[in-house]
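This report concerns only the one structure given below.
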């Protein structure tokens, strides 16, 4: 009787992907649960929580704190050394624990400064856990789909994860409603957080299923056991990290990531505070307007992934996506005020860009980085990304507050335009970096940055 185990069927990697996307869906939801409620923090007297826009900006910046102060880099190296099963499980657990601390802080009834600081600590642990979980997911996709369809798989992962953002945009405002007095109680403000914890519980279960599948995958392919490392690759060495830092193309991709993502993710945190005054729309309309952004990525990220797999030309799509983001922020800053059409159009442009750039950028990393340091490489990209996100989130919140947010004037068109000028500058840097990558690909075709997938 034949006892040798065959390589998994083509269906199995997609089942593994299905397990991987649920923790990311929950993470994106939790990270964006207040994005369509950001206008509430402009009137802290109506919140039992008592936070203003600067407090909210400070809290959201906590997501990146541990990441930029070495956490991502160290944990990325641990991921390469110990594998996704051990390291990923630790940090998925950290993500859930941090989210739980945030939820407790929102319900604690402590003075605003105290609850904000506790929530900030929770957001720090949630952020590091989420980012390393994301690195583990990307590394796993690169492993499971190395023979083809990598861009599609990464595009699907991004699309479903960002569906968590869309879910937050639509559901979170429904969970938070004011009393007849116009006040928002602690319980109402905390509802989105507890809803997120329930989603993460489901994510934990499916992560455990993936760990079992990954162990079986390694056993079938004759790879190493508990750690999830591979025998065909050289062992991880710290000197490999130094070589990675000398890779100019990798550095360029990392910088593109930090500036491009800052133009989208930091914007989302204050989307309603920008869209409402610029286009003179009510809160509900602004909520649906900004929902166009994640909805566009849910639809188009997988399609662009297929495009990158089949046609290649990844650097061209990065450049086009960066131009679309620039066009979106130019509209947000300078389109005629009070015309909602331009708000929707800007979100469509930003959504297309947010689909194109990641669909081409993330699959480019395994092309220029050895598999043995892929976890470290993704972690370094996430590190510079979080450095930018921390800075731009805090800066955006401070710009709004400095324009009189606590007195209800931060929604002025002037404050919104001031924030948008910052995002336009960031987009110009993204365009420049994309152009450099395209020129590099043309001069060095052996790198295969623009090559289609194997399958």
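The values are calculated or read from the model by the stated rules, or taken from the named source; none is laboratory data. Just so it is clear, the model here is predicted, and its values are computed rather than measured. Cβ: placed from backbone, ideal geometry, glycine included. Neighbour counts: every protein chain shown.
Between 230, 189, 185, the distinction of being modelled with pLDDT under 85, under 20 Å from residue 96 (Cα atoms) and either surrounded by 15 or more Cβ atoms within 10 Å (Cβ to Cβ) or in contact with a strand residue (DSSP E or B) (Cβ under 6 Å, 6 or more places away or on another chain) (or both) belongs to 189 only. Out of 113, 151, one residue alone is crowded, with 23+ Cβ neighbours inside 10 Å and part of a helix (DSSP H, G or I). It is 151. Would you check if residue 139 is touching a helix residue (DSSP H, G or I) at 6+ places or on another chain (Cβ under 9 Å) and closer than 21 Å to residue 257 by Cβ? So residue 139 fits the description; yes. Could you tell me whether segment 313-322 includes any residue that is surrounded by 24 or more Cβ atoms within 10 Å (Cβ to Cβ), under 16 Å from the mean Cα position of the chain (by Cα), within 20 Å of residue 160 (Cα to Cα) and touching a residue at least 24 places away in the same chain (Cβ under 8 Å)? Within segment 313-322, none of the residues are surrounded by 24 or more Cβ atoms within 10 Å (Cβ to Cβ), under 16 Å from the mean Cα position of the chain (by Cα), within 20 Å of residue 160 (Cα to Cα) and touching a residue at least 24 places away in the same chain (Cβ under 8 Å).
Residue under question is residue 381, and the condition is that it be surrounded by 24 or more Cβ atoms within 10 Å (Cβ to Cβ) and either at pLDDT 80 or above or under 23 Å from residue 65 (Cα atoms) (or both); does it hold? In short, yes. Quick check, is residue 177 touching a helix residue (DSSP H, G or I) at 6+ places or on another chain (Cβ under 7 Å) and within 28 Å of residue 352 (Cβ to Cβ)? No: the conditions fail for residue 177.
Conditions (1) under 22 Å from the mean Cα position of the chain (by Cα); (2) under 19 Å from residue 158 (Cα atoms); (3) in a helix (DSSP H, G or I), marked per residue:
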position	(1), (2), (3)
16	yes, yes, yes
21	yes, yes, yes
24	yes, yes, yes
40	no, no, yes
51	no, no, no
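Among residues that are buried (at least 22 other Cβ atoms within 10 Å of the Cβ), more than 29 Å from residue 352 (Cα to Cα) and under 20 Å from the mean Cα position of the chain (by Cα), residue 96 is included.
Can you confirm whether residue 291 is touching a helix residue (DSSP H, G or I) at 6+ places or on another chain (Cβ under 7 Å) and closer than 17 Å to residue 36 by Cβ? Answer is yes for this residue. The set of residues from segment 244-273 being closer than 19 Å to residue 398 by Cβ and either at pLDDT below 85 or surrounded by fewer than 17 Cβ atoms within 10 Å (Cβ to Cβ) (or both) comprises 265, 266, 268, 269, 270, 271, 272, 273.
Condition check ((1) within 12 Å of the chain's Cα centre (by Cα); (2) at pLDDT 85 or above) across all residues:
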{"position": "123", "(1), (2)": "no, yes"}
{"position": "133", "(1), (2)": "yes, yes"}
{"position": "141", "(1), (2)": "no, yes"}
{"position": "146", "(1), (2)": "no, no"}
{"position": "149", "(1), (2)": "no, no"}
{"position": "158", "(1), (2)": "yes, no"}
{"position": "165", "(1), (2)": "yes, no"}
{"position": "169", "(1), (2)": "no, no"}
{"position": "179", "(1), (2)": "no, no"}
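For segment 349-378, the set of residues classified as assigned to a helix (DSSP H, G or I), more than 17 Å from the chain's Cα centre (by Cα) and modelled with pLDDT under 90 consists of 364, 366, 367, 368, 371, 372, 373, 374, 376, listed by residue number.
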